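Take a look at the structure below.
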Amino acid sequence: MEDRVRVVIAEDSVLLREGLTRLLTDRGHEVVAGVGDGEALIKTITEFDAQGELPDVVVADVRMPPTHTDEGVRAAVQLRKAHPGLGVLVLSQYVEERYATELLAGSSRGVGYLLKDRVAEVREFVDAVVRVAEGGTALDPEVVAQLLGRSRKQDVLAGLTPREREVLGLMAEGRTNSAIARQLVVSDGAVEKHVSNIFLKLGLSQSEGDHRRVLAVLTYLNS
């Protein structure tokens, strides 16, 4: 069982909201509130904060009432600015690059963007919620692939080798070094070397500690 986390779910589909609640509670987590629109989400988080009981993570649909365009992600961006320690994981039906970039811009911890189809992979979805709650990143491979295609044109990553770009892309998905090694069919040591080279080429010093991994991912995504 993962470490217990407190979750607020923002999803206008009652069926999906109840389904997400069941998935999380079955794994020992606590869903402290469920809302159906962005305005209610902001109000709920504000109330929890006033009580000194801010949840660990918000899981929010990108599109919610009343216009079903970007209410969810706008609420998520607003909450991240107001509560930097709050993890935010947004769900979307499709890869919407503008929304992903807006959510990730200027943010280095506790953020995720998954396609709704990924919810069907229960273990991966719950792991993503926990990772974001603990300050990590959880990005859908499709989102990473699209952002990677854009970032190839940017100078900031020009010094990375193709393999280092591949490793960085997998890091952006939230994978550990061991998981990356299994994916690429290489040794853990080889992955560690690539990660060290990535940190060096992106100018991330050892003084950043474990935070370097998140900073590397954000440099990649924001490039």
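Annotations
- Within the range 1-25, tally of residues that are exposed (fewer than 14 other Cβ atoms within 10 Å of the Cβ) and either of a type outside the set (Lys, Arg) or under 17 Å from the mean Cα position of the chain (by Cα) (or both): 6
- Residue satisfying all of: in the range 49-84; charged (D, E, K, R) and assigned to a helix (DSSP H, G or I); surrounded by the fewest Cβ atoms within 10 Å (Cβ to Cβ) among these: Lys81
- Single residue of Gly28, Gly34, Gly38, Gly87 found to be in contact with a helix residue (DSSP H, G or I) (Cβ under 8 Å, 6 or more places away or on another chain) and either surrounded by fewer than 22 Cβ atoms within 10 Å (Cβ to Cβ) or of a type in the set (Val, Ile, Thr) (or both): Gly34
- Number of residues in the range 176-223 that are part of a helix (DSSP H, G or I), of a type in the set (Gly, Ala, Ser) and modelled with pLDDT under 85: the value is 2.
The values are calculated or read from the model by the stated rules, or taken from the named source; none is laboratory data. Just so it is clear, the structure is predicted and the values come from calculations on it, not from any experiment. Methodologically, a virtual Cβ is constructed for each residue, glycine included, from the backbone with ideal geometry; neighbour enumeration extends over all protein chains shown.
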